[in-house]
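Undergrad: One structure, as C-alpha cells, below. Some questions next.
The values are calculated or read from the model by the stated rules, or taken from the named source; none is laboratory data. Predicted model only: the values in this text are computed from it and were never measured. Note: ideal-geometry Cβ built from the backbone for every residue, glycine included; neighbour counts use all protein chains shown.
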Amino acid sequence: MKVAARAHVPPFAVMEILAAANARRAAGEHVLNLCAGEPSTGASDVVRQRAIDLLTAGDLGYTESLGAPGLRAAIATHYRGTHGVDVDPARVAVTTGSSGGFMLAFLAAFDVGDRVALARPGYPAYANILTALGCEVVDLPCGPEQRYQPTVAQLEALDRPVDGLVVASPANPTGTMIAPDELAALAAWCGEHGVRLVSDEIYHGITYPDASGETPATATAARYLRTGAVVVNSFSKYWAMTGWRLGWLVLPDDLVAPVDALAGNVALCPPALAQHAGVAAFSDAGMAAARANVERYAESRRLLLDRVPDLGWDPVAPADGAFYLYGNVASTSLDAVTYCARLLDEAGVALTPGTDFDPVGGRDWVRLSFASSPAVVAEAADRIVAWQGTL
C-alpha cells in the first residue's frame, strides 16, 4: 500500500537512544539517562493533588477547542505578572503540548511551498513538521559568531524571500538566548517584510546568571502580536509536566479563528485532566516548586561547567538557559553517533548526538541534558571523563 511522502521525515534520534537506555535499565544495568530534555522531578505536589481531586469528583468532559476558560485566563495573567504584557485570554489557545501547538500554528500560518527559516543547530521537529506539511525549510547556519541564534543580517542576506521564521530562546540544544533588543529587531524585520515570526518559549523561566552574576533578560514575542508574531509555550519544562501534554499558543488576531477551527477538527480539545490541574501550576505553591527546580538545574549546570576542562569538549555553547550543554567532541576522534553509542554501551551514560540538531555540522557535537539531580550529573561527568580516558 502507498505510504504518504510527507511521512518520510527523519526520526528523532533521542527517542531511539532513550528506548535503548530504558532497555538497558530494564535489564538491570545502572544507566544514567542524560539524553532527554525531561525534568526528573515531575509535576509539583499541588498539581498532582489537583489531578487527584479531579479524578475523584471532577468534570473531565470536553472543554472548548481552544482550552478551558480558567486555564486561558491563568495563562494571560501569567504574562502580565511575568513580562508586564497584557494578553487577552481570547488570544490564548491551549494545545496538546508545544508539539501540538507547533502543528496548529504551522498549519494555520503556512501553505504548501512556503519557505520558513530556522536556526541550525535547532530542535529537529520544527524542520520535520514543516517538511511533512510541504513547506521548504531554509537553514540559517548559526555558530559561535551569532551565539547560535539567527540575526537580521542573515535574513537580509537570503537570496530569496521567506514566509516564516522560527526562533527559540532559550534554545534547544544550545541553551543560548535572544536578547530583548535582538528579538525586537527580528520582530520588526518580520513585520516589515510580511514574515510570520514563530517564537518557541518553552524554556522561559529556566535561565542562569552570567559570569558577572547577571541573569539574562527573557523577552517574549507576545509583545509583538501586532506584527503577526506567534508564541509557543508549554508546561513540560518549567513546570516539569512532560507527560501531561499541555502547552499553549499566544496568537495574533488573524490566526485565532483558523487555529480554533483546526483544533476542533484535529483533537476536539487538549486533555481535560491536564488542563484543569494545570491551573494549579500558577498558584504560589506551583510557582515555588518550579523555581526550586531551576535552582537544582543551576547547581547541576555549575558542576558541569566546572568539569568542561576535564571533559575536553571544545567549544561548548553558552548555556544561558534551558538545561543542556552542547559540546564539541571532535578531540575524541569519534563522530557523535559513534561517541553516543559507545558511551551508552561502555559507560552506561546516554547522551544525544548533535546530528539530531544539525545534520550538516552536528557530527562533532553532543547534547547533555542536566535536568537530572546534581548527584546524577556529577556521576555522569565522572563516567564520561573516565571512559574518554580509555579511547
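Undergrad: Among (1) in the same structural domain as GLY67 (by TED's automatic domain parsing); (2) over 20 Å from the mean Cα position of the chain (by Cα); (3) not in a loop (DSSP other than H, G, I, E, B), there is one condition LEU249 misses while meeting the rest; what is its number?
TA: (2) is the only condition that LEU249 fails.
Undergrad: For segment 142-161, give me each residue that is under 18 Å from the mean Cα position of the chain (by Cα) and either free of Cβ contacts under 8 Å to residues at least 60 places away in the same chain or surrounded by fewer than 20 Cβ atoms within 10 Å (Cβ to Cβ) (or both).
TA: CYS142, ARG147, GLN149, PRO150, listed by residue number.
Undergrad: Now for a separate question. Among the candidates LEU32, LEU104, which residue alone is touching a Leu at 6+ places or on another chain (Cβ under 6 Å) and aliphatic (A, V, I, L, M)?
TA: One residue alone meets the criteria, LEU104.
Undergrad: For residues in segment 181-228 being in a loop (DSSP other than H, G, I, E, B) and aliphatic (A, V, I, L, M), which is surrounded by the fewest Cβ atoms within 10 Å (Cβ to Cβ)?
TA: Going through the qualifying residues, I end up with ALA211.
Undergrad: Which condition number does GLU29 fail, the rest of (1) over 18 Å from GLU346 (Cβ atoms); (2) of a type in the set (D, E, K, R); (3) over 21 Å from the mean Cα position of the chain (by Cα) being met?
TA: So the condition that GLU29 fails would be (1).
Undergrad: Another question, then. So which residues in segment 339-348 are under 17 Å from LEU311 (Cα atoms) and within 25 Å of the chain's Cα centre (by Cα), if there are any at all?
TA: Correct list: TYR339, CYS340, LEU343, LEU344.
Undergrad: Next question. Could you tell me how many of the residues in segment 229-246 are crowded, with 24+ Cβ neighbours inside 10 Å and touching a residue at least 60 places away in the same chain (Cβ under 8 Å)?
TA: Residues that pass the stated criteria total 9.
Undergrad: Cβ-Cβ below 7 Å, separation at least six or inter-chain, first residue in segment 69-91 and over 16 Å from THR218 (Cβ atoms), second of a type in the set (S, T, N, Q) and part of a helix (DSSP H, G or I): which pairs?
TA: LEU71/GLN275
Undergrad: Right, something else. Any residue at all in segment 93-104 that is surrounded by fewer than 20 Cβ atoms within 10 Å (Cβ to Cβ) and over 21 Å from the mean Cα position of the chain (by Cα)?
TA: For segment 93-104, residues surrounded by fewer than 20 Cβ atoms within 10 Å (Cβ to Cβ) and over 21 Å from the mean Cα position of the chain (by Cα): absent.
Undergrad: Please list, ordered by first then second residue, the pairs with beta carbon atoms under 8 Å, 6 or more apart or interchain, first in segment 287-298 and within 15 Å of SER369 (Cβ to Cβ) and outside the structural domain of TRP239 (by TED's automatic domain parsing), second modelled with pLDDT of 95 or more and part of a helix (DSSP H, G or I).
TA: Listed pairs, sorted by first residue: ARG296/PRO374.
Undergrad: Run ALA127 past the list (1) closer than 23 Å to ALA36 by Cα; (2) part of a loop (DSSP other than H, G, I, E, B); (3) of a type outside the set (Ser, Thr, Tyr) and report the number of the one that doesn't hold.
TA: (2)
Undergrad: Checking ASP284 against (1) modelled with pLDDT of 95 or more; (2) surrounded by 15 or more Cβ atoms within 10 Å (Cβ to Cβ); (3) closer than 30 Å to THR56 by Cα, which test does it fail?
TA: Tallying (1) modelled with pLDDT of 95 or more; (2) surrounded by 15 or more Cβ atoms within 10 Å (Cβ to Cβ); (3) closer than 30 Å to THR56 by Cα, ASP284 fails exactly one: (2).
Undergrad: Among what's in segment 290-310 and is in contact with a helix residue (DSSP H, G or I) (Cβ under 7 Å, 6 or more places away or on another chain) and hydrophobic (A, V, I, L, M, F, W, C), pick the residue that is surrounded by the fewest Cβ atoms within 10 Å (Cβ to Cβ).
TA: In this case the residue turns out to be LEU303.
Undergrad: Would you kindly identify the helices (runs of 4 or more DSSP H) lying entirely within segment 1-103 that contain at least 3 residues that are not assigned by TED's automatic domain parsing to the domain that holds PRO252?
TA: Here the list reads 13-26, 45-57.
Undergrad: From the list LEU273, LEU249, LEU334, LEU262, which residue is surrounded by fewer than 17 Cβ atoms within 10 Å (Cβ to Cβ) and in contact (Cβ under 8 Å) with a residue 40 or more places away in the chain?
TA: LEU273
Undergrad: Something else now. Scan segment 356-373 residue by residue and report those that are assigned to a helix (DSSP H, G or I) and in contact (Cβ under 8 Å) with a residue 60 or more places away in the chain.
TA: ASP356, GLY362
Undergrad: Looking for whichever is in contact with a strand residue (DSSP E or B) (Cβ under 6 Å, 6 or more places away or on another chain), under 22 Å from ALA119 (Cβ atoms) and not small (Gly, Ala, Ser) here; the options are ASP356, ASP364. Which one fits?
TA: Residue meeting the stated conditions: ASP364.
Undergrad: Can you name the condition, by its number, that ASP139 falls short on among (1) acidic (Asp, Glu); (2) free of Cβ contacts under 8 Å to residues at least 60 places away in the same chain; (3) in contact with a strand residue (DSSP E or B) (Cβ under 8 Å, 6 or more places away or on another chain)?
TA: Result: ASP139 fails condition (2) only.
Undergrad: Checking the condition outside any loop (DSSP other than H, G, I, E, B), among the small types (Gly, Ala, Ser) and free of Cβ contacts under 8 Å to residues at least 60 places away in the same chain, which residue from ALA381, ALA386 passes?
TA: Exactly one of ALA381, ALA386 is outside any loop (DSSP other than H, G, I, E, B), among the small types (Gly, Ala, Ser) and free of Cβ contacts under 8 Å to residues at least 60 places away in the same chain, namely ALA386.
Undergrad: Could you list all residues from segment 196-228 that are among the β-branched types (Val, Ile, Thr) and free of Cβ contacts under 8 Å to residues at least 60 places away in the same chain?
TA: Within segment 196-228, THR215, THR227 meet the criteria.
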